[in-house]
Every structure is written in structure tokens, then in C-alpha cells.
Amino acid sequence: MVSVSILNGDLAHLAETADAVRQSGAELLHFDVMDGRFVDNISFGLPVLESLNAYTDMPLDVHLMIQNPLHYAERFIRAGADLLSFHIESDSDAAAVIDVIHRNGVRAGIAVSPATPVETVFPYLDLLDPEDFVLIMTVVPGLGGQSFMPETLPKMRALRAELAKRGRSLHIEVDGGINAETGRLCREAGADMLVAGSYLLKAENIADAVKTLTD
Ligand code: DX5
Ligand code: ZN
């Protein structure tokens, strides 16, 4: 499954980007929220998500890189999030955030930055449904267009092994520096949801580029 990050698209032409994503064969549109606190950068937030949700029927995969996801989760779901991920390194209690997301009927994701051991999410795995996911960041969150960090691959394998041990099914999403080559490495390591931004949006033909992530 491919999720297209629009962060590095031309944000003055968001509707055109959303159309291109819808026609590309990708299943999800990835929406990166940054608050200038959890990460230094500030991207876009609730009103932009609302407009995008009114415009496109693409499922919206919202990635909260914010300090207090518990405070905002419900509002992002009302604004249109179909999948909502938040960081384990944030100030909020992960169990409480998962509970709010589930009570509002959308899919939850726990995101893990490169410096954080993947084992920090293990205590919460039993709170997740089979359609939920762990988002393993393959770059330091904050910017699009960075290079993939291969040292994150063992985290995918460790999580798959833990899930197998528990007889659990769950999705693993990866995000940052994903292209045909790094996407393949992640899939081999157990990821099944690939977020890609600059690789797809800079491609001459997005649909062809999406295929290189799934073939
Ligand atoms: C990074 C964001 C990513 C990023 C992906 O903080 O979470 O979603 O936009 O962009 P690329 O694919 O260009 O690394
Ligand atoms: Zn993201």
C-alpha cells in the first residue's frame, strides 16, 4: 500500500496535487502536521485538512508530529483523518491517544523516530487493532526530501518478529526517503505501507513511480 506525502508538493496548488495522487493508483494521501515544537518546522493543520477532505475522496493518512496529540486527535479526525498517527516521543499518554482515535472510529498509528528503540511501542501493541499500524520513521521527522536511514531496517524486522511471537497481525508503515530501492528494502524487512513524497511528486509520471513501489 502506498501513501503519497504532499508536504513537498506545490502547496499553492493542493487540489491539483490531490487529483494527481487520486489518479496515481496510490491508496492513501499522507498529510504531515508539524507544530514547531515537536519538530522545528511548521507545516499545515486543521483548516487545510478540512478543505482537502471536502475536495478529495482519497483516504487521508494524517501524521501528527506535534507535542500534544491527545489534545488535538479528535479535532483532526473531525477534520477528515481516516488514519491518524502520533509519536510515542510526544508528551501524550499513548494508551489515551489510541483510545480517543478508536472511539472516533478511525485507524490508529504509533510513530517512532529513528533515535527511539522500536521496543518502546511493544507495551501498546495489544491496544492496536489488526488494521492499525506502527509508523517507523526512516528519516528524522521535520522535513521532506531527506535520505533514507538504513539503520532503521532492523526495527522493522524486530517488530515483525515480536508480532509473530504474539500471533498478531498489524501494518508497518515507513516514512522518509522512500524510493523504489529503499522501498524494496523496507518491504523485505516487513513494512507493508510505504509513504513517499519527493520521489513520487518529482517523478515525470506519478502512476509509473507508484508502481515501482509495489512491483
Ligand atoms: C518527514 C515527513 C515525511 C516526508 C516524506 O518529517 O513525515 O512524510 O514528507 O517525504 P520524502 O518521501 O520526500 O522523504
Ligand atoms: Zn510523514
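The values are calculated or read from the model by the stated rules, or taken from the named source; none is laboratory data. Computed from a prediction, not measured in an experiment: that's the story for all the values here. Neighbour counts are summed over all protein chains in view; Cβ atoms, including those assigned to glycine, are modelled from backbone coordinates with ideal geometry. Note: areas computed on protein heavy atoms with side chains; ligands, DNA, RNA excluded. Shrake-Rupley method; radii C 1.70, N 1.55, O 1.52, S 1.80 Å.
General remarks:
- Filtered residues of the stretch 149-184 (kept if within 18 Å of residue 3 (Cα to Cα), open to solvent by less than 70 Å² (accessible area, probe 1.4 Å) and out of contact with any Gly (no Cβ under 7 Å at 6 or more places or on another chain)): 170, 171, 174, 175, 176, 177, 178, 179, 180, 182, 183
- Matching residues, the stretch 92-122, being in contact (Cβ under 8 Å) with a residue 40 or more places away in the chain and under 16 Å from the mean Cα position of the chain (by Cα): 109, 111, 112, 118
- Spans of helices (runs of 4 or more DSSP H) in the stretch 148-210 with at least 2 residues within 14 Å of ligand 1 (Cβ to nearest atom) and touching a Leu at 6+ places or on another chain (Cβ under 7 Å): 180-188
- For the stretch 19-34, a residue qualifies if it is in contact with a helix residue (DSSP H, G or I) (Cβ under 9 Å, 6 or more places away or on another chain), closer than 26 Å to residue 112 by Cα and more than 12 Å from ligand 1 (Cβ to nearest atom), and the qualifying residues are 21, 26.
- Every listed requirement among (1) in a helix (DSSP H, G or I); (2) open to solvent by 40 Å² or more (accessible area, probe 1.4 Å) is met by residue 145 save one, (1).
- Flag if residue 52 is over 15 Å from the mean Cα position of the chain (by Cα), away from ligand 1 (no atom under 16 Å from the Cβ) and of a type in the set (A, V, I, L, M): no
- Within the stretch 127-136, being surrounded by fewer than 16 Cβ atoms within 10 Å (Cβ to Cβ) and either part of a strand (DSSP E or B) or free of Cβ contacts under 8 Å to residues at least 24 places away in the same chain (or both) holds for no residue.
- Restricted to the stretch 2-18, and to residues there that are within 15 Å of ligand 1 (Cβ to nearest atom) and either polar (S, T, N, Q) or surrounded by fewer than 12 Cβ atoms within 10 Å (Cβ to Cβ) (or both), the residue that is nearest to residue 42 (Cα to Cα) is 8.
- Hits in the stretch 157-183 - residues which are in contact with a Ser or Thr (Cβ under 9 Å, 6 or more places away or on another chain) and of a type outside the set (Asp, Glu): 163, 174, 176, 177, 178, 179, 180, 182, 183
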